[in-house]
């Protein structure tokens, strides 16, 4: 069966510091991968999606970037965090039918 | 651009009641519609997926329906239990689905013991 792992679970970082969140999927090949952010009162916002290695699409302009160095690995990064980057970040993968499965999430607090 | 709205934002009912959560979307050309459950501080758990060609899906005490022409989906929960307390989100996908889903803000459900 397929599983998705995301880490770290929680992170407290100062403004201006770098960020790296990692996500891996097991049990499937060439999945579509996604990074979402969930902010209080704003719902889930799609940040990036990827249909293959090295292929990244960005939905909104922002201080973040994503990379997909391997088929089942998706990384969310920032060179310098802003206060507004605080939130709950969720990695997900989708089946061919478009069904979305999420990781457990990473809570980022920027101070 | 697709917009998804969920009403009500919060709901509190006694245990044992049947209840309906509502989801509406602005673009009826959806690829699919998916219902999720989210417990506090956790990721989203997929409950039901309805493809655009389907009218409903059922899983245990849950039944989700889809009416594309009116831009609506409902999630019916039968015989509610305290363990059903969570936030329920619906999301719709356009096109081929590779570019992700658009989410509603969710309905926060509390089942009173």
Average partner coverage of A:100-106, which counts Cβ from other chains inside 10 Å: 5
Label-reachable residues, the range A:81-101, where backbone N falls under 17 Å from a point 7 Å from residue A:20's Cα toward its Cβ: A:81
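How large is the Rg to Rh ratio of the range B:13-76 when both quantities use alpha carbon positions and Rh follows Kirkwood? Before the final figure, lay out the partial values.
Working: Rg = 12.6 Å, Rh = 12.7 Å.
Result for the range B:13-76 is an Rg/Rh of 0.99.
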A:72, B:72 arranged by Cβ crowding within 10 Å, fewest neighbours leading: B:72, A:72
Quotient of C-alpha Rg and 2.2 N^0.38 Å, computed over chain A: 1.01
Segments B:84-94, A:3-13 sorted - mean Cβ within 10 Å per residue, highest first: B:84-94, A:3-13
Shielding by other protein chains, A:86-92, mean Cβ within 10 Å: 2
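What is the mean number of Cβ atoms from other protein chains located within 10 Å of the Cβ atom of each residue in peptide B:32-42, rounded to a whole number? Write down the numbers at each step before the final one.
Working: counts 4, 1, 4, 0, 4, 0, 6, 0, 0, 6, 6.
For peptide B:32-42, the averaged partner shielding equals 3.
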Principal axis box of chain B, alpha-carbon based, largest edge first, Å: 42, 28, 21
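Could you tell me what % of all Cα pairs in the protein assembly as shown have separations over 24 Å? Walk me through the numbers before you get to the answer.
Working: 10967 of 24976 pairs.
So the pairs more than 24 Å apart make up 44 percent of the total in the protein assembly as shown.
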Ranking of A:36, A:89, B:31 by count of other Cβ atoms within 10 Å, fewest first: B:31, A:89, A:36
Sequence of A:35, A:93 once ranked by neighbouring C-beta atoms within 10 Å, starting from the fewest: A:93, A:35
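Bear in mind these aren't lab numbers, they're just calculated from the coordinates by the rules spelled out. Because the structure is predicted, anything quoted here is derived from the model rather than measured. We place every Cβ from the backbone using ideal geometry, glycine too, and count neighbours over all the protein chains shown.
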